[in-house]
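In what follows, a single structure is set out as structure tokens and then discussed.
Nothing in this text is a laboratory measurement; each read-out follows from the coordinates by a stated rule. These numbers come from a predicted model, not from an experiment. Don't worry about glycine lacking a Cβ; one is built from the backbone with ideal geometry, like all the others, and counts go over all protein chains shown.
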Protein chains: 2
Amino acid sequence: MAASSNEKDRPVVGFIGTGVMGGSMAGHLIDAGYSLNVYNRTASKCEPLVKKGAKLHSSPGEAAAASDIVITIVGFPKDVEQVYLEPGGIVERAKPGSLLIDMTTSSPELAVRIYDAARSKGLGTCDAPVTGGDRGAREATLSILVGGTDEDFNRALPLFETMGKNIVHFGPAGFGQRAKLANQIIIAGTMLGMCEGLAYAKKSGIDTQRLYDCIVSGSAGSWSFTNYTPRILKEDFNPGFFVKHFVKDMRLASQSSQEAGLSLKGLETALEQYIELENEGYAENGTQSLYKLYCKD
Amino acid sequence: MAASSNEKDRPVVGFIGTGVMGGSMAGHLIDAGYSLNVYNRTASKCEPLVKKGAKLHSSPGEAAAASDIVITIVGFPKDVEQVYLEPGGIVERAKPGSLLIDMTTSSPELAVRIYDAARSKGLGTCDAPVTGGDRGAREATLSILVGGTDEDFNRALPLFETMGKNIVHFGPAGFGQRAKLANQIIIAGTMLGMCEGLAYAKKSGIDTQRLYDCIVSGSAGSWSFTNYTPRILKEDFNPGFFVKHFVKDMRLASQSSQEAGLSLKGLETALEQYIELENEGYAENGTQSLYKLYCKD
């Protein structure tokens with residue numbers, strides 16, 4: 001436990017994935033006094049953390065081998081599967097007794113597979129996706145939706161408390177992902193309604209700024225409407241939340257809801273529309289760009 | 001102007017449709033000192049207003065003939081068409097120079113037809129649907145979305161101010177209806193996402209109360225989520241807003257959006273789901289009962 005010699009009671013933390021979200025979250029852990037072993041596919045994104053004292057590693061497995069608790073927040077389920085389950089990956093190389101926490105929004109089924117693989121090696125796991133976006137990550141106000149055993153949750157809690165405000169344990173492995181997917185299904189319908197309503201107003205000759213001012217506090221109001229409609233009205237389609245990531249989340253939700261015996265027509269419609277939006281070149285834009293599918297001019 | 005002899009400068013108001021919404025709204029006008037001529041298909045619903053001094057009439061046309069300004073808030077576009085345009089109806093019997101205000105959520109195209117018919121007889125019109133529900137009607141906090149000429153809007157404004165707080169003039173005849181339909185399209189997606197997300201959570205074994213508490217203030221939050229999810233969690237499917245009325249609004253929105261050259265897949269999906277809900281016997285329930293389409297047990 002080289003990196004933690006000066007912090008006797010604190011676990012050393014491996015942090016895999018130091019992008020927009022992970023970079024801020026890892027920074028809070030350093031600020032709270034944790035020693036960090038970091039890895040990112042694009043190593044340059046670790047630089048700010050290395051300047052603050054984190055040790056850079058050349059693979060997720062290597063960072064895990066040097067740590068007591070490993071946190072991952074990477075892009076897609078295939079990345080999660082790779083960093084945990086491939087030969088030389090986290091599960092293979094983590095020290096006995098380590099705790100592995102995946103904060104990527106990923107598949108409930110994969111969270112259970114990682115839990116099973118980890119348990120057979122004497123490792124604990126949590127699935128702990130977040131909501132609150134880059135701002136929540138920066139300001140340490142994330143909501144963290146957690147699946148795992150009580151023991152693993154309690155062990156992870158002090159770390160979660162440095163990164164978020166609203167930390168909820170939903171059940172065993174996979175339940176953090178399920179709660180997060182429920183959240184994304186709700187947002188899918190909300191974004192769809194918002195973009196279609198604005199498009200209808202625009203095409204109907206309604207002053208959309210006036211409409212926004214009139215109805216934002218009423219029964220059509222939502223977090224999405226408050227936060228995204230002003231951007232749409234300014235033709236600002238830069239990403240707060242990437243279309244490609246939302247499509248990923250909706251695909252996961254679609255699969256998981258079908259496994260639960262549900263046919264969620266609204267979700268499927270939103271997913272189809274966002275895939276069409278991706279096909280029109282908006283994958284790297286923000287989710288509010290769905291409006292452009294209806295109002296191209 | 002018999003009924004107004006004691007209120008020299010105030011127009012006499014005909015009020016057609018004194019149900020849950022109209023009853024409260026008409027009451028505010030009486031409280032503000034207006035003399036009212038009232039009509040309702042079920043005459044007994046006029047009783048509270050008659051006790052406060054309103055004069056009961058036996059037809060919309062008769063109430064209109066005795067008034068300077070006529071307000072209607074009835075159920076469906078076919079009712080609007082009937083009370084205004086049928087022989088012996090409001091347009092035929094209104095006094096020259098009268099102002100006709102329809103506050104039903106109805107068709108933009110019908111609002112323009114009524115405007116045209118009225119103008120040819122020297123009458124003014126506004127289309128002025130509301131949002132805010134029975135509570136907004138009771139507390140005089142409705143939002144009122146208005147279409148009409150500037151002159152007609154300004155003439156109606158003092159009456160609107162006795163019934164609502166947030167009164168916005170969106171443009172000429174039909175534009176109040178268009179703004180309201182945009183509002184309903186936004187709500188359609190929001191309700192769809194909310195009910196599907198809750199159903200997924202429930203079927204996945206997530207504690208839905210815990211989920212609500214965790215995410216209601218976050219990016220999945222909305223007026224609908226705040227107000228309807230607690231009712232769903234208590235299995236309270238009583239109407240705040242009737243399924244049958246929401247289906248009517250979405251049909252209007254679907255028609256109007258197609259006329260505007262739009263194909264709103266989310267709206268069409270929400271409409272299909274709510275029609276299915278109607279077919280399962282929920283027409284007289286509240287819109288939150290969409291949840292039951294996914295979670296029947």
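For peptide A:266-278, the mean count of partner chain Cβ atoms within 10 Å of a residue's Cβ comes to 4. List the lysines whose Cα sits under 22 Å from the Cα of B:K52, skipping any in the same chain fewer than 8 residues away. The reachable lysines, counting only those whose Cα sits under 22 Å from B:K52, are B:K8.
Over all other residues within a Cβ to Cβ distance under 10 Å of A:A140, the charged ones net out to -1, with Lys and Arg as +1 and Asp and Glu as -1. For the protein assembly as shown, a simple Cβ point-charge model (Lys and Arg +1, Asp and Glu -1, everything else neutral) yields a dipole of about 580 debye relative to the Cα centre. Straight-distance candidates among the lysines for linking to B:K165, with alpha-carbon spacing under 17 Å and chain neighbours fewer than 8 residues away dropped: B:K180. Taking amide H as placed 1.01 Å from N in the peptide plane, the amide H of A:V12 sits under 5 Å from that of A:D68, A:I69, each at least 5 places away or on another chain. Listed values for segment A:156-164 are Karplus-derived 3J(HN,Hα) couplings in whole Hz (6.51 cos²θ - 1.76 cosθ + 1.60, θ = phi - 60°), namely 7, 3, x, 6, 4, 5, 7, 10, x, and x replaces Gly and Pro.
The listed peptides A:27-39, B:232-244, ordered by packing as a protection proxy, come out as A:27-39, B:232-244 (highest mean of other Cβ atoms within 10 Å first).
Most simply put, the protein assembly as shown has about 20% antiparallel DSSP beta bridges, counting only bridges with both residues inside it. A cut-off of 5 Å between modelled amide H atoms, ignoring neighbours fewer than 5 places along the same chain, links B:V38 with B:F15, B:K55, B:L56, B:H57. Sorting the segments A:283-289, B:50-56 by their mean number of nearby beta carbons within 10 angstrom, highest to lowest, gives A:283-289, B:50-56.
Ordering B:184-192, B:120-128 by mean Cβ neighbour count within 10 Å, with the highest value first, yields B:184-192, B:120-128. Scattering from the protein assembly as shown was approximated by placing one identical point on each alpha carbon and applying the Debye formula without solvent; log10 I(q)/I(0) at 0.07, 0.09 1/Å stands at -0.50, -0.73. Of all DSSP-defined beta bridges confined to chain B, some 15% are antiparallel rather than parallel.
Modelled this way, with points 7 Å down the Cα-to-C-beta line, the labels at A:S44 and A:L85 are 3.3 nm from one another. Label-to-label distances for A:R41 across copies, nearest first, come out at 6.1 nm, using points 7 Å from Cα in the beta-carbon direction. For the segment B:205-217, counting C-beta atoms of other chains within 10 Å of every residue's C-beta and taking the mean gives 5. Within 10 Å of the Cβ of each residue in A:162-169, the mean number of Cβ atoms contributed by other protein chains is 2. I need the shape label for segment B:106-186. Rule: rounded when a/c is under 1.5, else prolate if a/b > b/c, else oblate, with a, b, c from the alpha carbon gyration tensor. Here segment B:106-186 falls in the oblate category. Sorted from shortest to longest, the distances between the B:P158 label points of this copy and the other copies are 7.1 nm, with each point 7 Å from Cα along the line through the beta carbon. Each copy carries B:G240; placing its label point 7 Å along the C-beta direction from Cα gives inter-copy distances of 2.3 nm, listed from smallest up. Cα centroids of segment A:59-77 and segment B:30-71: 73 Å apart.
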